[in-house]
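Engineer: Supplied in C-alpha cells, the structure appears directly below.
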Amino acid sequence: MSMDDRRSSSDALVDCLADALTDEALEAEAAAAGEDIAGTAAVLRAHFLERVAAARSAAGRAQEPPREGAQTAKRPAGDDADAPPVIGRYPILRRLGAGGMGVVYAAYDEVLDRKVAIKVLRPSVADVDGRRRERLLREAQAMARVTHPNVVTVHDVGTAGAQVFVAMEFVAGVTVQEWLDAEKRSWREIAAVFRQAADGLAALHDAGLVHRDVKPSNMILGEDGRLRVLDLGLVGTEPREINETLPSGVSSSVNRLDVPLTITGERVGTPAYMSREQFLGVELTPSSDIFSLSIALYEALYDVHPFMAESYGKLQANILYGRVREPADLSMAPSWLYALVLSGLAVDPRKRPPSMHAFSAALAADPQRTHRRWIGTLGIAALATLGGGAISWTQLAPSEVACDGGDATMQALWDPSRAAAIKAAIVASGRPYAGALADRVNETLAGYVASWAAARRRACREYARGDHSDALYDARIACLDRRRQALEETLTILTETGAEVVDNAGQLVAKLPPLATCDDLTTLGQRRPTDPKIAGAVAALEGRLVRADALAHAGQAAQAIAAARAVTAEAQRLEHPPTVAAALLAEARASLNRPLPRRELADVLGRALSLALAEGLDALAAEAMIRRLYVRALLPGRSEGALEDLPLAAAMLERAGDPPELRALLLNNSGAIRLSAGDREGAREAFAAALAANERLFGADHLENAASLANLGMLTTDDREREALHARMIAIYEAHLGPEHPQTLDSRLLAALYTADPAAAAAALDDLCATFRAHGDRELARDCAFELGRLEDLRGATLSAREAFAAASAATPATSARRALVDAYLVVNAAERDPEALAAATAALRAVAAAVDAEHANEAIDWWIRLEQANRHLVLARLLLAADDAPATEATALLERALTDIDAITLEAPPIERERLLAACREVLAVALRRDPQHKRTGEVEARAASLNAAARAYFERWPDAYRRRLTRAPSPRRSP
Amino acid sequence: MNKRVDLAACADPIERAVHAMSDTDWYRLRQAARILAWKVPSMEGEALLFEALERTLSGRRQWNREAVDFVGHLVGVMRSVAYHESKRCGRTVGLTSSIDLIAPDDPENALAAEEKIRRLRAHFHERDDTRALLVLDAMELGCDGPTIRAQLGLSQSELETVIRRVRRTALRTFPS
C-alpha cells in the first residue's frame, strides 16, 4: 500500500485547501483578512535568508580543518550537518533535535570546560515588532534565576543575530515519556519520579514562574536518576512583578526582568496537557501546572489520558468541563493516589492542591507506607491521623467525574457477538431446550453486566463525592473486580464449552456472585496487602480460583477440584497461607457437588479453617466453618455435635462483618443440620430464613431461591402452603431455564412427589413421565416411572403399576441396586404367579438388601437410605408371602425391621413418603403375622394384626377416592397385598 | 559524494530562489503552512514552514529544481512533514518536544484536522452553501481542479470563488 493510499480523506481535503491560488485570489484573501502581503513577505524573506546564510556558513566551516580542542570537529553527518558552527560563545557539537519552537544543539562551553545544551528559539513572522523575542528572552532569564536539583540549570541567555538562545545544563538521560514507554513502571516508581517533577515545578513557582507546558516529554531523567524539568521556551512569569537579580553568568544586557510580564490572552502550551485556564486564555497561576502535572501523572499511572476523546474538540471540551475519564483498571494505583490525581484535575483551581509543594508532599505521603511503618507502635486512631494528610483533597475532586471506566470494562467483555457465540455454543449441544435456555442465559448475563457497570459507577461517584474512605473504596473495587473475574470466567466457559455444560448453564450464570455485597460498606472487609514481591503471582492464583469456582458451578467438578488443588500446591510453594486457605475452600466447594468421602471433605475444610483462623481471614474462616458443620452433620452420629457448634459459626460470621451471602449459607446449612438432627420445625424455620436472606440478596425471582423453596416445601406440613411454594419454585426454574430444561422438569417431579393427594400425584407423575420419555431424558423418565409405579402399586392399580415398573426396569441398568427393587415390584404386580420369577426376584433383592446393610454396618444411615431399605424389605416380604411355600417368619422379621427403620426417621423423612410406606408395611405385616407359624393365632397377635390393618386403613381413608381399590378389597392371606 | 560539498552547493540555488520569490509567493507559502498545520495542532504554520526550510537546507529533503519551483517544493515538504508528524508513533526527544503536543500514538492529531473539517462543513451547512459542501466532498476524494470542475459543472472562476470562500472561512475560523 502506498503512502497515498493510507491518507485519510481529511488529509486530502487539507492538501487541496492548501493548494495554490492565483495571485489575485491570494491578494483578495489577504485583503479580506486585513493582512499586509508585503510585510509578511519581508519578515519571512529575512528569516529565510538568515537561515540560508547560516547553512552556507556551516557548510563552509565544515570543510575547514578542526580547531584543536573543539568538539565541533567531531560532529557527525546527517541531521547535524546543518548545525551552525557556533552560537554565542559556544561551539556546536551536534544537533539534538528540533521542533516548532526552535532547534536544540549540544555545544561546548570553552570557558567553563563543560558540555551544554543550546536551545535556539525560532523567530516568528508574526513577531513583527520583536515583542515575542523580548518575551522569550525575559522568560529564559527568569528560568536562569532558578537553582534546584529538579530544574535544568540555565547557564546563559543571549541573542545570536535575530535568534534568542538559551544555554543550559546538558543532561544525559531519557525523557519521562521515554522512561514510561520503555517498560511497565510500578505506581511507586511513577509517584517517586513525579514527586521530583513536582519539586522542580514548586521551585519555579517559588521564583514566581509558571511553566505552562508541563508534560512527560518536558521532564528528563538523568542517568544519575535525578529528574529535571525542561523546556524553558514556554515558561512565563506569574502575573506579578519580579525584581530579583540574575545569577552571574547571565548577560546583563538582556536583563529585562524588572518589567512586569503578562501573557494574558495568549494561548500557549500543549493541548493534551493544557489546563482549563490555558484553554480559556485567562491568567495562569501555579495551579495550572498542578493541573498539567496531574494529567501527566494520571496518564502515567493508568496508561490512558484522563480527558481522552475521539476528537480534538471533544478533548478540549472534556478539559473545559472537567469530564475526567475513569480508568478501566483502578487497581493500577492505590486509591489515595487516584484521589490526589483527581484533586489536581479539579476544574476550579481553588479546589486543587493549594501549592505544588503540597502536591509533592501528598505524593510522598503514601498512607499505606505510613500504615506499615507505624503499625507496630501506633494505634488505629494515630494511623488515621497520619494517613489523613494524603487524602485531604479527596472531597475537592472534580465535580463531574465521568466514572465510565466500568462501562468500558464491560464493553470489552460483553457485546452482541459474545452473546451470539454463547448461544451458538449452547445450541450446539442439540438439546431441545437449548435455544430457549441460551436466550435466558444471555438475558441474565446482560442484566449482570449492566448491574456491574452501575455498581462500578456508583462506587466511583460516591468516592469522588468523598462519601467513604480510601480503604473502603479499595475494598469495594476489589469486590467488584472479583465479580468481574467471575463473569469473565463464566463467559469463557460458556463460549468454549457451552455444549458440555449446557445442563448447568443456567446455574452457572445464576451463581455469579451477588453485586449487592459490594455496595454493603459495613460488611466489606479490607483485603490485606500482599508482599509486593509475590503480589503478581498471588493475583494470578486468585484468578485461577475464580475459574475453579466457575467450573464447579458449570458442573465440571473434577476439573474444578483439580484446578483448586493445583493452586493449593503453588500457594504452598509461594508460602502464602491466605491463598492456600482460599484454594482449600474452593476445592471443598467443588467437592460438595460430587460424592467425595465426607471425612476427606471435612478434613479439607478443617485445614482451610485452621489456616484462615491463623491468618485472621474472618470471612474465609466463617465460610469454612459453615460448610464444615454441614459436612460434619452428614457424618454418622455427628449431627448433634454440628448442631452444638452452630452458634460458633454464627459468631465467626458476626466477626467477619456478617456478609449477606454467608449469612444465607449459614441459614441454609443450619436448616440441613437441624433436619439431620431430627429438628424438622427448626429446620423449616432456618430454611424460611435462608429464603428470606436470599431474596434480600438476589431479589425475589432469582434462581438461587428455587432450592430454598424446594427445601422449605419439603418441610412444610400445610398442603396448600407446600403447593404454593413448589409452584413458585417451578415458575422460577421455568423463567430462568425454560419449561423443558431438565432442572425445571425435575422440580416438577419433586412437586409431584410431594403432592399429598395420591390421585393428583399419580396424574402429575403420569404426565411428567410422558414428557420425560418424549424428551429422551432416560434418567428422569426412569425415576418418574419408578415413583409412579410405587404410587399405583399402593393404590392397587396393578396394571398401571406394572406398566410403570416395566418402563422403569427397561431404563434401569442391570447392575444398579435399584434394578432389583424395580424388578421385584414388577413380579409382585404380575398378572399371574410365576414361581421362578418370584424366586429370582427374591434372591436378587435379598442380595441387594444384604449388601446395603453391610455397606452401612458401622455408621448411622441417612434417612433416604433407610427409607429405600425399608422399601426393599417391604417388597421382599411381599415376594416371600407370594410364594406358596415360603415361611412367613422371614417376611415378618423384614417388615418389623422396616417399621423400625421408618420409625427411626420419623423426624427427618418427608411425611408424605413415610406415611405411604408405613401404611403399606402395616398392611402387609398384618398379613404376615396371621400367616407366621411362630406366632400362634393368639388373641394378642390377632389384635396387633387388626391394629395394623386399622392404622393402614385410617391412612387410606384420608384419600378415599385415590385408594378406592385398596379400601374395597379385603386383604387375602394368599395374595400379594 | 561528499555531504559537505552538497551543503555548500545547495545553499546558493536556494538563496537565489529565496531572492526570486515574489511577495505573493511568500504569502502563498504562509497561507499554505497555516492550513497544512491543521494536521499538527501543536505546530504553528510558521514553524512548519521553517521546518521545511531546515530540512531542505540540511539536505534531508532534496529540491528537484528541474521539476518544481521552490515554493512548490516547500509546500510539498510541509505537506509531508505535517502528514508524518500527525501519524508519528514515536515521541520526540527532550527539548524538541513542541511538536508532540498530543500523544502521538493516539489519533488526536489526525482527528484535530477532522474536527476542523467537521466544523467547516457545519458552517456551510448552516448557510445552506451546497456548492461549498460539494467542493469539500470532492477535495476529500483528492480530486484535482479540472476533475472537480468537470464533475460539478463549474467554470474555473466559479471553482476559484468557492475555494476562496472555503479558505477564507477556514483561515478565519482556525487561524494558525
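Engineer: For each of A:LEU653, A:LEU345, count neighbouring Cβ atoms within 10 Å of the residue's Cβ, then give the residues from fewest to most.
Structural biologist: A:LEU653, A:LEU345
Engineer: At a 10 Å Cβ-Cβ cut-off, how would you order A:LYS351, B:LYS116, fewest neighbours first? Mind dumping the intermediate values first?
Structural biologist: Numbers: A:LYS351 19, B:LYS116 24.
Fewest to most other Cβ atoms nearby, the residues stand as A:LYS351, B:LYS116.
Engineer: In peptide B:17-26, what is the residue-averaged number of other protein chain Cβ atoms found within 10 Å of each Cβ?
Structural biologist: So the per-residue partner count for this stretch is 6.
Engineer: If you don't mind, another one. Distance check, please: which entries in A:LYS184/A:LYS511; A:LYS119/A:LYS314; A:LYS115/A:LYS215 exceed 28 angstrom between their Cα atoms?
Structural biologist: Working: A:LYS184/A:LYS511 36 Å; A:LYS119/A:LYS314 34 Å; A:LYS115/A:LYS215 25 Å.
Table pairs above 28 Å Cα-Cα are A:LYS184/A:LYS511; A:LYS119/A:LYS314.
Engineer: Please report A:ASP961, A:ASP181, A:ASP549 as a ranked list, fewest other C-beta atoms within 10 angstrom at the top and most at the bottom.
Structural biologist: Going from sparsest to densest Cβ surroundings: A:ASP961, A:ASP181, A:ASP549.
Engineer: Starting from the Cα gyration tensor of the range A:777-896, take the square roots of the eigenvalues, sort them a ≥ b ≥ c, and report rounded, prolate or oblate (rounded when a/c is under 1.5, otherwise prolate if a/b is larger than b/c, else oblate). Could you put the intermediate results ahead of the total?
Structural biologist: On the way: a/c = 1.66, a/b = 1.07, b/c = 1.55.
Here the range A:777-896 falls in the oblate category.
Engineer: Let me ask another. Counting pairwise Cα distances across the range A:719-825, what percent come out greater than 25 angstrom? Let's see the in-between values first.
Structural biologist: Numbers: 1168 of 5671 pairs.
The proportion of pairs with Cα distances above 25 Å equals 21 percent.
Engineer: Just to confirm the filter: which GluC sites (Glu not before Pro) across the range A:867-968 are DSSP coil and have at most 13 other Cβ within 10 angstrom of their Cβ?
Structural biologist: A:GLU957
Engineer: Given the peptides A:354-361, A:408-415, arrange them by the average over their residues of other C-beta atoms within 10 Å, most packed first. Could the numbers behind the result be given before it?
Structural biologist: Working: A:354-361: 20.4, A:408-415: 16.8.
Sorting A:354-361, A:408-415 by mean packing, highest first, produces A:354-361, A:408-415.
Computed from the coordinates by the stated procedures, all read-outs in this text should not be read as laboratory data. This is a predicted model, so every value here is computed, not measured. FYI the Cβ positions are ideal-geometry reconstructions off the backbone, even for glycines, and counts take in every protein chain you see.
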